[in-house]
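The values are calculated or read from the model by the stated rules, or taken from the named source; none is laboratory data. Given the structure is predicted, the values throughout are model-derived calculations rather than measurements. Neighbour counts are summed over all protein chains in view; Cβ atoms, including those assigned to glycine, are modelled from backbone coordinates with ideal geometry. Heavy atoms of the whole protein, side chains included, go into the accessibility calculation; ligands, DNA and RNA do not. Shrake-Rupley method; radii C 1.70, N 1.55, O 1.52, S 1.80 Å.
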Amino acid sequence: MIVDRIIVSLSRYTDPVVMTFLHESSCLDPRFKAMPYLLDEETERVYQSLIKKAEKINQMSEAVTKVKI
């Protein structure tokens with residue numbers, strides 16, 4: 001019975017989209033920024049994903065600023 005509950009609890013986090021969101025959120029939280037629970041390759045992938053998202057937001061912001069001027 002306890003094993004079944006644990007399995008059900010862990011199965012919530014099998015969706016790759018959810019896992020990516022959780023990893024990126026953890027990366028942005030200073031308490032978990034080092035992400036020791038991930039392999040180095042996974043940590044690098046998370047950082048690169050966040051960098052791309054930040055660059056995209058910056059480009060969008062610059063485009064909006066140019067339109068307002």
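A straight Cα-to-Cα reach below 15 Å connects residue 52 with the aspartates and glutamates 24, 44, residues fewer than 8 places away in its own chain not being considered. Accessible surface calculations at 1.4 Å, restricted to protein heavy atoms, place the chain at 89 Å² per residue. Per-residue ellipticity at 222 nm computed for the chain from its helices equals -25500 deg cm²/dmol, with DSSP H segments shorter than 4 residues left out and the rest contributing -39,500 (n - 2.57).
Taking the simple approach of a point 7 Å from Cα along Cα-to-Cβ for both residue 54 and residue 17, what is their distance in nm? Output for this residue pair reads 2.6 nm. Against the main long axis of the alpha-carbon atoms of the chain, helix 16-28 sits at an angle near 70°. On C-alpha positions alone, give me the angle between the axis of helix 40-68 and the longest principal axis of the chain, in degrees, nearest 10. The answer is roughly 30 degrees. By how many degrees, 0 to 90 and rounded to 10, does the Cα axis of helix 2-11 deviate from the longest principal axis of the chain? Computed tilt is about 20 degrees.
Other residues lying with their Cβ under 12 Å from the Cβ of residue 20 contribute a combined charge of -1, Lys and Arg counting +1, Asp and Glu -1.
Read through the labelled values (1) 14.5; (2) 12.4; (3) 13.2 and report the label of the one computed as Kirkwood radius over Cα pairs in Å from the structure. Label (1) holds the value from this structure.
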